[in-house]
Amino acid sequence: MEEVSRKTEDTGMVASKVLVWEDPARIDKIGHLIYPDGQNRGRGTGQIDQGQFDRVQETLWPDGCAALYRRAMLDEVGGFDEEFFAYADDAELGLRGRIAGWMCWTAPKAVVRHHRGATLGLDSARRLTLIERNRVLLAVKLFPWNLLWANGAYYLIRVGAGLWSALRNRGELRRYTGTKGKLNAATALLRGTVSAIPMIPSMLRKRRAFQPKHRLSPEQIRKLLLRHRIPLRELTDQST
């Protein structure tokens, strides 16, 4: 009873089980995981649903396509940051809530089906640019300095692993066929990183403004992110 009470009092977010619309036997996501450079991916993405996530568990944050947010949490930390257009806005809000001390749990009996990539399309170069830009903004705004300083190294490791996956026709870049498609995708990723640079001052101002609402120390934030870290191979071999 004490554990149930604690979950109820601290819960700021709830993540539903999201299945793929075209293939409802397959999981789209149930909550999120993150790589230390800020790139995040759905928990369980691509797996066949065999009940492996049918127990209520802590997760990092819910996917915005089907999430429940507590009003008290939103009153405290604010709503979505409109500078995170289209992608990672749910990640930024969710991590902000976690840093402010709110928990996120899965609700596996709440099942929805999701049309993936409906905003811009799964093979959109613009989509890649925004995802890459927003992972930089997420890290700058909310990552502790003891993890942010290593962001570049983690980024290069992820890009290298992603290229290796692409050569084996796996991962996100497999959607971009042929040499021209791969070059366009690589250009979109680079454009995303570069386009984040002029927005960094704004993120730093918001970082300072949110500091008084921190309930987790920098070390606790780092441990939270690493506890919900997605394995590199899983991140680079799967596709959304």
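For this structure, a couple of remarks:
- Label sites at Glu83 and Ile197, each approximated as a point 7 angstrom past Cα along Cα to Cβ, lie 1.7 nm apart.
- Simple point charges give the picture: +1 on the Cβ of Lys and Arg, -1 on the Cβ of Asp and Glu, and for the chain a dipole about the Cα centre of about 580 debye.
- The chain: relative contact order as a whole-number percent, Cα under 8 Å and 6+ apart: 27
- Expected 222 nm ellipticity per residue - DSSP helices of 4 or more, -39500 (n - 2.57), all of the chain, to 500: -14000 deg cm²/dmol
- Recomputing Cα extents along the principal axes in Å from the coordinates shown identifies the correct label among (i) 60, 60, 34; (ii) 57, 44, 27; (iii) 45, 36, 33 as (ii).
- Here the label points at Trp149 and Ala25, each 7 Å from Cα along the C-beta direction, are separated by 5.0 nm in the simple model.
- Percentage relative contact order, segment 27-87, counting C-alpha pairs under 8 Å, at least six apart: 31
- Anchor Lys206: lysines whose Cα lies under 17 Å away (excluding residues fewer than 8 positions away in-chain): Lys141
- The residues of the chain have, on average, 49 Å² of accessible surface per residue, using a 1.4 Å probe with all protein chains present.
- Chain lengthening between Lys109 and Ile48 when straightened (0.36 nm per residue, less Cα-Cα): 20.3 nm
- Cross-link partners of Lys109 among lysines (Cα-Cα below 24 Å; sequence separation of 8 or more within a chain): Lys7, Lys17, Lys29
- Annotation: aspartates and glutamates with alpha-carbon distance below 18 angstrom to Lys223 (same-chain offsets under eight excluded): Asp37, Glu58, Glu92.
The values are calculated or read from the model by the stated rules, or taken from the named source; none is laboratory data. From a predicted model like this one, the values you see are computed outputs, not experimental measurements. So basically every Cβ, Gly included, is an ideal-geometry build from the backbone, and we count neighbours across all protein chains shown. Accessible surface areas use protein heavy atoms only, side chains included; no ligands, DNA or RNA. Shrake-Rupley method; radii C 1.70, N 1.55, O 1.52, S 1.80 Å.
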